[in-house]
């Protein structure tokens, strides 16, 4: 089966909701489903989180990051961590764990390396989006973080199927839009995001990475996610732009009130690195 045939197979499955996830990912997504219930409070959320050691560890790690804890961390209680983070960030943590579980389920070294680079990219984008939301675009930073975490989830799913369909690892460009009746990556991304119960606003921001025309300085979630993706130090292994274009995008700068983007980034280096570390370790 060649790459185009493999893509057709996955997109056809996605269109009818037949997505293949490991058992442990399904269990983690049950937490996500519960968090979306309006009746779910902190006590219920804490009980659910404590049933999954990976989620619990990540929740406490992020609550202790400099971006959230201005007093040096020291948080060891899941309930306290959830109060600090809020439910939007908790959803980001649950999705992050599900993505890591997809990674861990893969045995092929080549695929694992790509998935690791893709996750590093997502963590950098998520942390950058959180920072930009707080200091530049003045939108909800937790929503920006969540958008960064999930913006390449279609790519993760594609790579997770590459053991079964090795031709997906073929880097040769393939003109698939006409053959697949639309862009396969958008179609697949929508299907996976729907499975993960991602809000439409975030889905729209992710799709705007391909089709949108961003405003700089950023004013919306779409703009913020776009800029975070451009500024991320780790490039996605699925990014096929020329290296010169990537380098040029990473040097973007503009005035923000009485400062500049570069000055804000330089002043926020510790916050950024702390949040990235808490997402990736």
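The values are calculated or read from the model by the stated rules, or taken from the named source; none is laboratory data. Computed from a prediction, not measured in an experiment: that's the story for all the values here. Ideal geometry is used to build each Cβ from the backbone, glycine not excepted, and the neighbour counts take in all protein chains shown.
Filtered by the rule that a residue be buried (at least 16 other Cβ atoms within 10 Å of the Cβ), modelled with pLDDT of 85 or more and outside any helix (DSSP H, G or I), region 186-216 gives 198, 214.
Return the residue satisfying two criteria in turn: it lies in region 129-155 and is part of a loop (DSSP other than H, G, I, E, B) and in contact with a helix residue (DSSP H, G or I) (Cβ under 6 Å, 6 or more places away or on another chain), and of such residues it is farthest from residue 95 (Cα to Cα). Explain how you work it out, then say what you get.
Residues of region 129-155 part of a loop (DSSP other than H, G, I, E, B): 138-140, 151-152.
This time we only want the ones that are in contact with a helix residue (DSSP H, G or I) (Cβ under 6 Å, 6 or more places away or on another chain), so: 139, 151-152.
Values: 139: 21, 151: 11, 152: 12 Å.
Among residues in region 129-155 that are part of a loop (DSSP other than H, G, I, E, B) and in contact with a helix residue (DSSP H, G or I) (Cβ under 6 Å, 6 or more places away or on another chain), the one farthest from residue 95 (Cα to Cα) is 139.
Okay, residues lined up against (1) buried (at least 18 other Cβ atoms within 10 Å of the Cβ); (2) at pLDDT 90 or above:
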| position | (1), (2) |
| --- | --- |
| 26 | no, no |
| 33 | no, no |
| 43 | no, yes |
| 91 | yes, yes |
| 110 | no, yes |
| 114 | yes, yes |
| 123 | yes, yes |
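Evaluated against (1) part of a loop (DSSP other than H, G, I, E, B); (2) closer than 30 Å to residue 264 by Cβ, residue 119 falls short on exactly one condition, (1). Residue-level analysis places residue 93 outside the set of residues that are within 12 Å of the chain's Cα centre (by Cα), under 13 Å from residue 236 (Cα atoms) and without any contact (Cβ under 8 Å) to a residue 60 or more places away in the chain.
Here region 249-281 is the region considered, the condition is being in contact (Cβ under 8 Å) with a residue 40 or more places away in the chain and part of a loop (DSSP other than H, G, I, E, B), and the residue that is farthest from residue 209 (Cα to Cα) is 281.
Quickly run through region 217-248 and pick out the residues that are assigned to a loop (DSSP other than H, G, I, E, B) and within 19 Å of residue 118 (Cα to Cα). Within region 217-248, 232, 233, 234, 235, 236, 237, 238, 239, 240, 241, 242 meet the criteria. Quick check on region 255-273. Is at least one of its residues farther than 23 Å from residue 67 by Cβ and touching a helix residue (DSSP H, G or I) at 6+ places or on another chain (Cβ under 9 Å)? For region 255-273, residues farther than 23 Å from residue 67 by Cβ and touching a helix residue (DSSP H, G or I) at 6+ places or on another chain (Cβ under 9 Å): present. Determine, yes or no, whether residue 5 is part of a loop (DSSP other than H, G, I, E, B), farther than 26 Å from residue 134 by Cβ and at pLDDT 85 or above. Spelling it out, it is not the case that residue 5 is part of a loop (DSSP other than H, G, I, E, B), farther than 26 Å from residue 134 by Cβ and at pLDDT 85 or above.
If you go through region 76-89 and pick out every residue that is crowded, with 21+ Cβ neighbours inside 10 Å and part of a loop (DSSP other than H, G, I, E, B), you end up with 0.
One residue stands out among those in region 164-185 that are in a helix (DSSP H, G or I) and at pLDDT below 80: the one that is surrounded by the fewest Cβ atoms within 10 Å (Cβ to Cβ), which is 185. Taking the numbered list (1) at pLDDT 90 or above; (2) more than 18 Å from the chain's Cα centre (by Cα); (3) crowded, with 20+ Cβ neighbours inside 10 Å in turn, residue 130 passes all entries but (2).
Considering only region 32-55, I want to know if a residue exists there that is outside any helix (DSSP H, G or I) and either touching a helix residue (DSSP H, G or I) at 6+ places or on another chain (Cβ under 6 Å) or within 24 Å of residue 116 (Cβ to Cβ) (or both). Yes - at least one qualifying residue is present in region 32-55.
Per-residue answers, yes or no, for (1) over 25 Å from residue 195 (Cα atoms); (2) surrounded by fewer than 13 Cβ atoms within 10 Å (Cβ to Cβ):
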| site | (1), (2) |
| --- | --- |
| 4 | no, no |
| 16 | no, yes |
| 48 | no, no |
| 65 | yes, no |
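Set side by side, the residues 95, 99, 66 differ, and just one is in a loop (DSSP other than H, G, I, E, B) and either at positive phi or touching a helix residue (DSSP H, G or I) at 6+ places or on another chain (Cβ under 9 Å) (or both), which is 66.
Screening residue 10 with (1) crowded, with 16+ Cβ neighbours inside 10 Å; (2) touching a residue at least 60 places away in the same chain (Cβ under 8 Å); (3) farther than 24 Å from residue 238 by Cβ gives one miss only, at (3).
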